[in-house]
Amino acid sequence: MDFTKCVKKEIVKISAEQYAPKACPSCGSNEITIRTSHKRNISELGNINIELHVELHVATFECEKCGCKYTPQHPDYPKGYIYSRSIIQTALSLHLRENLSGNKIAAQFAKYFNVQVPPKTIYSWINDLTEDFMKSEFKKEPIKALEAYKSLTIDGTGFSLGTDLIGKKNDVQSSSAVKLSDGIYLLTWWE
């Protein structure tokens, strides 16, 4: 059996018609036309043998009946990002659940998913998107986040640790802090 690594590059094309609403969001008319469009190239999670990219067609539609202009957003490929939601979500999950640093996450992405993400980008996701990620993970029971994640919260009255860290006395090599909108700081660290 030959285990020589041969990475293939695949590009998946997604047209705007595949994810855009079929009617005007303002008046419901089916008389809509594309006014402007462009293509975005987005990195997606591949696997050990496939480097995967998405070519997303983004279009601005105009309703011929009411004149409403709108640009639908694909839920898996957020505007302003060159990486898919699944890459961002995986990075945040690895950081918060497994206590991995941005450097280790970037190395795992390159090794197992054939995705090249700079550690600096991963750290920016941690700083900018942690609160939204935590809210989506624990919509019904936000307090359970403290039990699931290796995090320290400081709210001015004290602190609590996730259950996996209680009793551990490891040296902290590096850490990051994120201020959430309700004034609570989320501090994460890794060895």
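Only the coordinates and a few stated rules stand behind these numbers; no lab work does. Keep in mind the model is a prediction, meaning the values are calculated, not measured. Note that each Cβ is placed from the backbone with ideal geometry, even for glycine, and that neighbours are counted across all protein chains shown.
Results, tabulated for the structure shown:
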| read-out | value |
| --- | --- |
| Karplus-derived 3J(HN,Hα), 6.51/-1.76/1.60, for each residue of segment 20-25, Hz, glycine and proline x | 7, x, 7, 9, 4, x |
| Net charge contributed by nearby residues that have their C-beta within less than 9 Å of residue 55 (K/R +1, D/E -1) | +3 |
| Inter-site label distance for residue 40 and residue 85 at 7 Å from Cα along Cβ, in nm | 1.2 nm |
| Three-way shape label, segment 8-70, alpha-carbon gyration tensor, a/c 1.5 | prolate |
| Over 24 Å between alpha carbons, listed pairs 13/104; 9/39; 9/69; 120/140 | 13/104; 9/69; 120/140 |
| FRET efficiency estimate (nearest 0.05) - Cβ-Cβ, residue 13 to residue 127, R0 41 angstrom | 0.80 |
| For segment 8-70, share of DSSP beta bridges that run antiparallel, in % to the nearest 5 | 70 percent |
| Local net charge near residue 90, Cβ-Cβ under 14 Å (Lys/Arg +1, Asp/Glu -1) | 0 |
| Listed peptides 21-29, 38-46 by packing density, highest first (mean Cβ within 10 Å) | 38-46, 21-29 |
| Net lengthening on full extension, residue 73/residue 33 (0.36 nm per residue, minus Cα-Cα) | 12.8 nm |
